[in-house]
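This report refers to the structure that appears directly beneath it.
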Amino acid sequence: MDFDPKKNYYDILWVTEDASTADIKKAFRKLAIKYHPDKEGGDKTKFQELNEAHGVLSDEKKRQQYDMYRKGWFGGGGFWGQGGFWGFDFGSFGGGATEFDIGDLIGNIFGGWFGGGRSGPTKGEDLKKIIEISFEESYLGCEKKISYDRLQKITGVKEEVCSHCGGRGKVSQAAQTPFGTFQTQTTCPECGGFGKIFTKDGKPVGNWGLDTKKETIEIKVPAGIKDDAYIKYPGKGDEGIGDAPAGDLYLKIRITPTNKYHRKENDLYVTTEVSIFDLVLGGEISVPHPEGKMEVKIPKGTQIWDKIRITGKGFWDKGLFKSKGDMFVETKVNIPKKLSKEEEKLWKELQKSEK
């Protein structure tokens, strides 16, 4: 295999499982820029992982195979394993008459593909949505309105016991085979295995009385949230079947990469341009910060590789001992590309004085 089915490539690229190829490529480009090893703050391991995920999900054939493996549609040797159908040896029954519920047997093997069906109330599926916020919003926190699709109960739907299966969800049949008489059970074709029929105004309603509707909620993103963090909203996933509870909504936070800031633990790093005179003579410069621009003093004789530290201007640590990280200003020297004759003369005089 050209992939690892144990890895969730969708999470690695911050995309949902129904993402288009174009969305996958777009997500890869953004993350590749952020984690490229040649860039400051890059991550070689993460970059290789991104390449691996992109290589699989951007290839239609590999993606299809990967999805099938993740969902367990193949065993170790495919559907047909050693000893017969997925390792099951039919020869062990001999030639005598045997009576057993083959529907349950196959249902156990395939998890309900044949004869299994739904049985009773079923909790709704959990949903996942990716939310993109700016670096400033990750620092300050923010409130947003988001919309997404979820399965919800259709208003006015009633539940009635299925008359075809008597509420069992299965119907039985006897079949004569060379191996003997088999009592088979299959999913009730009327209720789909649930045991109840859903109706509205006297007419049957499909999909267990659920329909896809647009949901809009207000969310609060806490200040200091980290990249890849999840926010859970209980009961905001798909609604359950029958009286079962709804699933949950998981919002994965994606912070838009920026060249202005980067974060290390709870410290904030800011890169800003300064002149050579500021480093040599000292001075005061205006530095960007998520809370607004700040005036920062540069000590005389600051070296190009020096970092200027401002205490308490980083991210909050909301652990047992609450504290705040620091802000570090990384200086980038602005070398003039063009000089007037007078400026060039002065620089040459300075050069002579150094000798």
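The values are calculated or read from the model by the stated rules, or taken from the named source; none is laboratory data. Note that the structure is a prediction, hence the values are computed from the model and not measured. Here the Cβ positions follow ideal geometry from the backbone for every residue, glycine too, while neighbour counts run over all protein chains shown. Just the protein is used for accessible areas: all its heavy atoms, side chains included, with ligands, DNA and RNA removed. Shrake-Rupley method; radii C 1.70, N 1.55, O 1.52, S 1.80 Å.
Observations on the model:
- Global geometry of the range 179-235, whether rounded, prolate or oblate, following the gyration tensor of its Cα atoms and the 1.5 cut on a/c: oblate
- With the simple spin-label model, which puts each label point 7 Å out from Cα in the Cβ direction, the residue 286 to residue 223 separation comes to 2.4 nm.
- The per residue volume of the convex hull around the alpha-carbon atoms of the range 118-264 is 155 Å³.
- Anisotropy class of the range 260-345 from Cα gyration tensor, a/c 1.5 cut: prolate
- Summarising the label geometry, the points placed 7 Å from Cα in the beta-carbon direction at residue 149 and residue 64 lie 2.2 nm from one another.
- Pairs from 6/34; 25/129; 129/214; 7/129 whose Cα-Cα separation, in the structure shown, is over 22 Å: 6/34
- Across 232/332; 26/123; 220/313, pairs whose alpha-carbon gap is larger than 30 Å: 232/332; 26/123
- Sparse packing (at most 14 other Cβ atoms within 10 Å of the Cβ) combined with a DSSP loop state is found for the following chymotrypsin sites (Phe, Trp or Tyr not before Pro) in the range 236-325: 305, 321.
- Total formal charge among the other residues, if their Cβ is under 9 angstrom from that of residue 188, Lys/Arg +1 and Asp/Glu -1: +1
- Theoretical gain in end-to-end length, residue 161 to residue 233 [0.36 nm per residue, Cα-Cα removed]: 22.6 nm
- When you filter the trypsin sites (Lys or Arg not before Pro) in the range 148-250 for DSSP loop state and at most 16 other Cβ atoms inside 10 Å of their Cβ, you are left with 168, 226.
- Local electrostatic count, residue 61, Cβ distance below 14 Å [Lys/Arg +1, Asp/Glu -1]: -2
- Cα centroid separation, the range 330-355 to the range 210-279 (Å): 46 Å
- By the Kirkwood approach, averaging reciprocal distances over each pair of separate Cα atoms, the range 118-158 gets a hydrodynamic radius of 14.3 Å.
- Residues whose amide H lies under 5 Å from that of residue 249, counting only those 5 or more places away or on a different chain, are 127, 233, 235, 236, 237; hydrogens are built 1.01 Å from N in the peptide plane.
- Residue 201 exposes around 140 Å² of accessible area when a 1.4 Å probe is run over every protein chain in place.
- Taking all protein chains into account, the per residue accessible area for the range 302-342 stands at 78 Å² (1.4 Å probe).
- R0 of 25 Å, Cβ-Cβ distance residue 17-residue 48: FRET efficiency to nearest 0.05: 0.65
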